[in-house]
Amino acid sequence: MATWSEADELFGAERVYCHTFFGLADGSALAFFQFANEEDQALFDPELLPSPFRHIALRVDADGQAELERRLREAAWSPETTFVLEHGYCRSLYTTDPNGMVIEFTVDVPQVEAINQERAADAHETLKRWLAGDHTSNNTYR
């Protein structure tokens, strides 16, 4: 469905990574991450430890996300692991469940259909470029 090559300030450092989305029949997707830096890959993809890059993402509408955010804040639920990231193509609210699983609630931006078409058109090319060592970001939506 899409390949995003990105560089972000994440967890206290600049991280260069790629995430590739594979579409499922119901319109949802599985996403897989790879980091350019071997230390980042080892940090976020340990064999036995949890990682913020292993999580479930659920699409919600803006009102639902705002309500979730309000309720989490009022409950003082896991403030150290509840945060928002503006990805440019969506707004994501992250939190953890009582078992420590990361859950992401996403709201698409209004122009999501055009963005999805653009990423679908270059998904294979971007992944080939990434695997060949060109980690230039293709996220022009921030």
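The values are calculated or read from the model by the stated rules, or taken from the named source; none is laboratory data. Since this is a predicted model, take the numbers as computed values, not measurements. Note: ideal-geometry Cβ built from the backbone for every residue, glycine included; neighbour counts use all protein chains shown.
Can you find a residue in region 63-71 that is of a type outside the set (A, V, I, L, M), in contact with a strand residue (DSSP E or B) (Cβ under 6 Å, 6 or more places away or on another chain) and more than 19 Å from residue 2 (Cβ to Cβ)? Walk me through it before giving the result.
Going residue by residue through region 63-71, those that are of a type outside the set (A, V, I, L, M) are 63-65, 67, 69-71.
Remaining after also requiring in contact with a strand residue (DSSP E or B) (Cβ under 6 Å, 6 or more places away or on another chain): 65, 69.
Within this subset, residues satisfying the condition of being more than 19 Å from residue 2 (Cβ to Cβ) are 65, 69.
Yes.
Can you tell me which residues in region 68-86 are surrounded by 16 or more Cβ atoms within 10 Å (Cβ to Cβ) and part of a loop (DSSP other than H, G, I, E, B)?
Scanning region 68-86 gives a single hit, 82.
Restricting to region 89-124, name every residue that is without any contact (Cβ under 8 Å) to a residue 12 or more places away in the chain and within 22 Å of residue 23 (Cβ to Cβ). Show your work before the answer.
If we filter region 89-124 for residues that are without any contact (Cβ under 8 Å) to a residue 12 or more places away in the chain, which is where we start, we get 97-99, 110-111, 113-114, 117-118, 121.
Correct list: 110, 111, 113, 114, 117, 118, 121.
Since residue 53 meets every condition but one in (1) assigned to a strand (DSSP E or B); (2) under 28 Å from residue 129 (Cβ atoms); (3) among the aromatic types (Phe, Trp, Tyr), which condition does it not meet?
In the conditions (1) assigned to a strand (DSSP E or B); (2) under 28 Å from residue 129 (Cβ atoms); (3) among the aromatic types (Phe, Trp, Tyr), residue 53 misses (1) alone.
Mind listing just one residue for me: the one in region 33-50 that is within 18 Å of residue 131 (Cα to Cα) and out of contact with any Cys (no Cβ under 9 Å at 6 or more places or on another chain) and, of those, modelled with the lowest pLDDT? Before the answer, list the steps.
Applying the first criterion (within 18 Å of residue 131 (Cα to Cα)) to region 33-50 yields 33-42, 45.
Filter once more, so that each one left must be out of contact with any Cys (no Cβ under 9 Å at 6 or more places or on another chain): 37-42, 45.
Working: 37: 95, 38: 92, 39: 93, 40: 93, 41: 89, 42: 87, 45: 77.
Looking at residues that are within 18 Å of residue 131 (Cα to Cα) and out of contact with any Cys (no Cβ under 9 Å at 6 or more places or on another chain), I get 45.
Considering region 3-40 alone, what residues qualify as being part of a loop (DSSP other than H, G, I, E, B), surrounded by 11 or more Cβ atoms within 10 Å (Cβ to Cβ) and of a type in the set (A, V, I, L, M)?
Within region 3-40, just 36 meets the criteria.
If you scan region 90-137, which residues turn out to be over 23 Å from residue 61 (Cβ atoms), surrounded by 14 or more Cβ atoms within 10 Å (Cβ to Cβ) and among the polar types (S, T, N, Q)?
126, 137
Looking for whichever is loosely packed, with under 15 Cβ neighbours inside 10 Å and either among the aliphatic types (A, V, I, L, M) or in contact with a His (Cβ under 6 Å, 6 or more places away or on another chain) (or both) here; the options are 58, 43. Which one fits? Even if it seems obvious, please write down each step before you answer.
Numbers: 43 fails: loosely packed, with under 15 Cβ neighbours inside 10 Å.
58 is the lone residue from the list that is loosely packed, with under 15 Cβ neighbours inside 10 Å and either among the aliphatic types (A, V, I, L, M) or in contact with a His (Cβ under 6 Å, 6 or more places away or on another chain) (or both).
Looking only at residues in region 51-86 that are under 16 Å from the mean Cα position of the chain (by Cα) and over 14 Å from residue 106 (Cβ atoms), which one is modelled with the highest pLDDT?
For region 51-86, the residue satisfying everything is 82.
Which condition number in (1) in contact (Cβ under 8 Å) with a residue 60 or more places away in the chain; (2) under 20 Å from residue 112 (Cα atoms) is the one that residue 57 fails?
(1)
Please state which one of 57, 25 is hydrophobic (A, V, I, L, M, F, W, C) and out of contact with any strand residue (DSSP E or B) (no Cβ under 8 Å at 6 or more places or on another chain). Give the steps one after another, and end with the answer.
Details: 57 fails: out of contact with any strand residue (DSSP E or B) (no Cβ under 8 Å at 6 or more places or on another chain).
Just one listed residue meets the conditions, 25.
Suppose the filter is under 24 Å from residue 6 (Cα atoms), among the polar types (S, T, N, Q) and surrounded by fewer than 11 Cβ atoms within 10 Å (Cβ to Cβ); does residue 140 pass it? Quick ask: steps written out before the conclusion?
Numbers: under 24 Å from residue 6 (Cα atoms): yes; among the polar types (S, T, N, Q): yes; surrounded by fewer than 11 Cβ atoms within 10 Å (Cβ to Cβ): yes.
Yes; evaluated as a whole, the condition is true for this residue.
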